[in-house]
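The values are calculated or read from the model by the stated rules, or taken from the named source; none is laboratory data. The shown structure was predicted, so the numbers you read here are calculated from the model rather than taken from an experiment. For neighbour counting, all protein chains shown are included, and Cβ atoms are generated from backbone atoms with ideal geometry for every residue, glycine included. When the accessible area is computed, the model is the full protein with side chains, heavy atoms only, and any ligands, DNA or RNA have been set aside. Shrake-Rupley method; radii C 1.70, N 1.55, O 1.52, S 1.80 Å.
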Amino acid sequence: MLPPFNYFRPVTLNEALSFLANEASRPAFILAGGTDLILKMRSGRLPQDSFIVDISFLEELRYLRTAKGNLEIGPLLSHGQISTSREILDFAPLLARACSEVGTPQVRARGTIGGNIVHASPAADSIPPLLLHDARVTLISLRSERTVPLISFLKDAYKSDLHEGELLWKITLSPLQGFSFGYQRLIPRQAVGIARLIVCVALKTKGQIEEARIAIGSATPVAFRARKAEAFLKGKEASPDNLDFAASLASEEMIEISGERWSTPYKRPVLQALAKRALLEALSGSRGNGEGEN
Amino acid sequence: MEKVKIKLTVNAREYELEVYPNQRLLDVLRENLHLTGTKEGCGIGECGACTVLINGDAVNSCLVLAPQADGKEVVTVEGLGQGENLHPLQEAFIKHFAFQCGFCTPGMLMAAKALLLKIPDPTEEDIRKWLSGVLCRCTGYQQIIDAVKEAAEEMKKC
Ligand SMILES: Cc1cc2nc3c(=O)[nH]c(=O)nc-3n(C[C@H](O)[C@H](O)[C@H](O)COP(=O)(O)OP(=O)(O)OC[C@H]3O[C@@H](n4cnc5c(N)ncnc54)[C@H](O)[C@@H]3O)c2cc1C
Ligand code: FES
Ligand code: FES
């Protein structure tokens, strides 16, 4: 048994939004897959008299579609669904790959991409690949709707910018046509674990590097794009020296954000090595090995 | 805290229940339906002892609110065999002595069942991956993996 709370199950999205619009008069918490929220409920960290708004029955939030060349993902799709979806494997192979790394099969069957984003863990696996696709999130409330870049929706570790009465209802990805991919994820043991470092790379090459995108997760309170390394690589030859230098820039960017810490002597060379590996993997024309993962 | 009416199928039997929202599916299975095969280890999604199937997927029943199981098809370890007849997975676990204390076994069996529903002919790699959500602190995993392999082969025969 969990500590007591009140339970509300909306039948439509509109009903959910109407209920959330009265949030000020009663603390309300959105429940999707529950793999983060139920832990919080269990530890008694929810105010008494809280309402749990169970959106897990809202089929309107479980969709996948393309619009104007972009991919739109409904927040209720589970990590399991995302990692095995043909469309996502084609459009965003690293997102499929990353979701296949989340927790265990049991957690992937329940945990949703919307919950992963709103919970905003520094180690959230779906976020770095979404940053490669310049993802936007659309928040909807009874009276308004706004779309913001994912990177600005993530304010700090475990703090997303969800306003009172709002629900995340769309995640939009831009295409990465003609890119190849690299993916590195460091965990403390061989299988099943929260990532210590995540590096996602997308490269477009034509003789030289036309465009590089590098997203790094789990190293800083909020995942980030290594813009200096990306800018350095643009128009450069993919020589070992250039890759090494880009990888060291990415590592420096991490330290600029998080400052020198007790873990820095470890993380600096490790991130550099992982970034290099991911770049090499992308250069080999890889799709990030998202294929066939569960 | 108001009770919630739910209707669900557990091991092919339909139930209409009134549950408290703060009951987890795990609590309803064990306390309301007295299906105590499903175990609670950690209660936080890490050990997998509470694994059951919901609509064919292995899930941690400690991380599902009972009202979220409304309308769903649940299978627990009690629903694996048929009456006195054990399921090939259960037979293989006994043959390979794939347990000692047995606390993880219901979870292992249900995770393996979910695997065989999706991949009837799994590789060792598949088995390791699909069982990765259940922890065993006694046996060592090799016997368990061997048992699942053999069960898959047995099931292909029938
Ligand atoms: C054992 C275990 C291992 C895990 N391993 C990993 C891992 O390796 N990598 C990883 O990234 N995560 C991991 N997680 C965390 C978790 O599974 C993911 O973050 C998951 O994606 C959360 O989704 P959910 O649907 O379960 O969220 P919920 O728990 O339902 O919700 C999480 C938060 O998001 C809010 N929310 C959910 N949906 C919406 C919405 N549509 N609009 C507005 N707010 C919303 C909720 O109010 C809550 O604050 C693990 C969890 C467990 C228990
Ligand atoms: S009791 Fe549910 S995972 Fe441990
Ligand atoms: S047999 Fe004891 S925990 Fe697995």
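Against the definition (within 15 Å of ligand 1 (Cβ to nearest atom), among the aromatic types (F, W, Y) and surrounded by fewer than 15 Cβ atoms within 10 Å (Cβ to Cβ)), how does A:Y7 come out, yes or no?
Working: within 15 Å of ligand 1 (Cβ to nearest atom): yes; among the aromatic types (F, W, Y): yes; surrounded by fewer than 15 Cβ atoms within 10 Å (Cβ to Cβ): no.
Against the criterion (within 15 Å of ligand 1 (Cβ to nearest atom), among the aromatic types (F, W, Y) and surrounded by fewer than 15 Cβ atoms within 10 Å (Cβ to Cβ)), A:Y7 does not qualify.
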Selection count, the stretch A:17-57, where residues are facing chain B (nearest Cβ under 10 Å) and among the hydroxyl-bearing types (S, T, Y):
3
Out of all the residues in the stretch A:68-80, is one or more within 12 Å of chain B (Cβ to nearest Cβ), under 19 Å from A:Y183 (Cβ atoms) and not in a loop (DSSP other than H, G, I, E, B)?
yes
Under 6 Å between Cβ atoms, at least 6 apart or on separate chains: pull out the pairs that start in the stretch A:224-239 with a residue that is at negative phi and end on any residue that is open to solvent by 40 Å² or more (accessible area, probe 1.4 Å) and assigned to a loop (DSSP other than H, G, I, E, B).
none
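In this structure, does A:G103 turn out to be within 14 Å of another protein chain (Cβ to nearest Cβ), among the small types (G, A, S), surrounded by fewer than 24 Cβ atoms within 10 Å (Cβ to Cβ) and assigned to a loop (DSSP other than H, G, I, E, B)? Show your work before the answer.
Values: within 14 Å of another protein chain (Cβ to nearest Cβ): yes; among the small types (G, A, S): yes; surrounded by fewer than 24 Cβ atoms within 10 Å (Cβ to Cβ): yes; assigned to a loop (DSSP other than H, G, I, E, B): yes.
Criteria met by A:G103.
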In the stretch A:11-47, which residues are touching a residue at least 24 places away in the same chain (Cβ under 8 Å), in a loop (DSSP other than H, G, I, E, B) and over 19 Å from A:E166 (Cβ atoms)?
A:V11, A:G34, A:T35, A:G44
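Free of Cβ contacts under 8 Å to residues at least 60 places away in the same chain, in a loop (DSSP other than H, G, I, E, B) and surrounded by 15 or more Cβ atoms within 10 Å (Cβ to Cβ): is that true of B:L26 in this structure?
Values: free of Cβ contacts under 8 Å to residues at least 60 places away in the same chain: yes; in a loop (DSSP other than H, G, I, E, B): no; surrounded by 15 or more Cβ atoms within 10 Å (Cβ to Cβ): yes.
Judged against the criteria, B:L26 is not a match.
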Within the stretch A:154-237, considering only strands (runs of 3 or more DSSP E) that don't extend past its boundaries, which have at least 2 residues that are buried (at least 16 other Cβ atoms within 10 Å of the Cβ)?
A:167-173, A:180-186, A:197-206, A:208-217
Looking only at the stretch A:44-62, count every residue that is open to solvent by 60 Å² or more (accessible area, probe 1.4 Å), at pLDDT 95 or above and farther than 12 Å from A:V11 by Cβ and tell me the total.
1
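With the requirement that a residue be of a type in the set (G, A, S) and under 13 Å from the mean Cα position of the chain (by Cα), what does the stretch B:103-143 give you?
Taking the stretch B:103-143 and keeping what is of a type in the set (G, A, S), we get B:107, B:111-112, B:114, B:132-133, B:140.
If the condition is that a residue be of a type in the set (G, A, S) and under 13 Å from the mean Cα position of the chain (by Cα), then B:G107, B:A111, B:A112, B:A114, B:G133 are the ones that fit.
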Filter the stretch B:34-68 for residues that are within 16 Å of B:N11 (Cβ to Cβ), touching a residue at least 40 places away in the same chain (Cβ under 8 Å) and more than 10 Å from every other protein chain (Cβ to nearest Cβ); the one that is surrounded by the most Cβ atoms within 10 Å (Cβ to Cβ) is B:T38
Residues that are open to solvent by 20 Å² or more (accessible area, probe 1.4 Å) and either within 14 Å of chain B (Cβ to nearest Cβ) or in contact (Cβ under 8 Å) with a residue 60 or more places away in the chain (or both), drawn from the stretch A:81-100
A:Q81, A:T84, A:F91, A:R97
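From the set of residues in the stretch A:157-182 that are within 14 Å of the chain's Cα centre (by Cα) and in contact (Cβ under 8 Å) with a residue 60 or more places away in the chain, which is farthest from the other protein chains (Cβ to nearest Cβ)?
The initial filter retains those residues of the stretch A:157-182 that are within 14 Å of the chain's Cα centre (by Cα), namely A:157-160, A:168, A:170-173.
Next, from what is left, pick out any that are in contact (Cβ under 8 Å) with a residue 60 or more places away in the chain: A:157, A:168, A:170-173.
On the way: A:A157: 20, A:L168: 19, A:K170: 23, A:I171: 22, A:T172: 27, A:L173: 25 Å.
That would be A:T172.
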Helices (runs of 4 or more DSSP H) lying entirely in the stretch B:70-158 (those with 2 or more residues that are closer than 23 Å to B:R13 by Cβ and within 14 Å of another protein chain (Cβ to nearest Cβ)):
B:105-118
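Collect the residues in the stretch A:105-119 that are within 16 Å of ligand 2 (Cβ to nearest atom) and in contact with a Phe, Trp or Tyr (Cβ under 9 Å, 6 or more places away or on another chain), keeping them in residue-number order.
A:P105
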